[in-house]
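Data first, discussion second: the structure below is written as structure tokens.
Rule-based calculations on the coordinates, nothing more; no lab input. Model, not experiment: these values are computed from the prediction. Glycine also receives a Cβ, built like all others from the backbone with ideal geometry; neighbour counts cover every protein chain displayed.
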Amino acid sequence: MNKTALVAFTLLFAVIVSGRSAPRAEELTQNDWLLRAENDEARFRLLQKQMRGFDQPMWEVGERFARLHDALKHENYELAVYHWDKIKTSIENGVAKRPARGESARNLFLGDPWNEVRAGLISADRKRAWDSFDKARAACQSCHQAEKVGFMNQQAVFDLARPER
């Protein structure tokens with residue numbers, strides 16, 4: 001279970017078992033979309049819908065990939081590693097929600113490729129770090145191909161390249 005789901009379920013559980021009676025309908029506001037659900041099953045369905053599938057974690061991965069690029073341009077290797085670690089977390093969270101994507105993610109991205117990229121970033125060696133960035137892009141694109149969403153490889157984030165310098 002990913003961290004967001006765990007927090008949501010923990011909060012919901014705390015409300016349920018707190019011993020406090022459920023709020024009366026007149027106490028609820030228009031913002032109480034979750035509390036207005038008729039039962040716990042309906043609430044869990046609403047939470048699951050809000051947490052979405054693999055698309056939301058992949059959006060975060062794309063944003064962090066661009067920020068990783070920016071960090072390397074500024075030779076901020078610690079920030080690059082930070083984003084790389086968060087990319088792994090996002091992909092693992094996506095796999096938790098969509099297990100069918102797991103095999104490709106583990107084989108093409110999360111295993112040796114992820115570790116190799118991280119080692120290059122940690123090295124704080126400019127050339128090695130940029131080589132790692134290129135490996136990361138290739139890992140992303142090969143996973144998209146394996147998952148039959150190769151059209152994802154045709155977007156601006158994959159045009160990012162190392163500086164000419």
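Label-to-label distance for residue 60 and residue 107 is 2.6 nm, based on points extended 7 Å past Cα in the beta-carbon direction. Of the peptides 144-157, 79-92, 50-63, the order by per-residue mean of other Cβ atoms within 10 Å, starting with the highest, comes out as 79-92, 50-63, 144-157. Each of residue 27 and residue 45 was given a label point 7 Å from its Cα along the Cα-to-Cβ line. The distance between the two points is 2.6 nm. Measuring r between the beta carbons of residue 149 and residue 115 and using R0 = 35 Å, the FRET efficiency lands at 0.90. For residue 35, nonlocal amide neighbours, meaning residues 5 or more places apart or on other chains whose placed amide H falls under 5 Å from its own, do not occur.
Using the Karplus relation 6.51 cos²θ - 1.76 cosθ + 1.60 with θ = phi - 60°, the per-residue 3J(HN,Hα) values for segment 34-39 come to 7, 5, 6, 4, 6, 7 Hz, with x marking Gly and Pro.
Look at the alpha carbon pairs under 8 Å that are at least 6 residues apart: their mean separation over the length of segment 110-165 gives a relative contact order of 26 percent. From most to least packed by mean Cβ count within 10 Å, the peptides 41-47, 134-140, 71-77 give 134-140, 71-77, 41-47.
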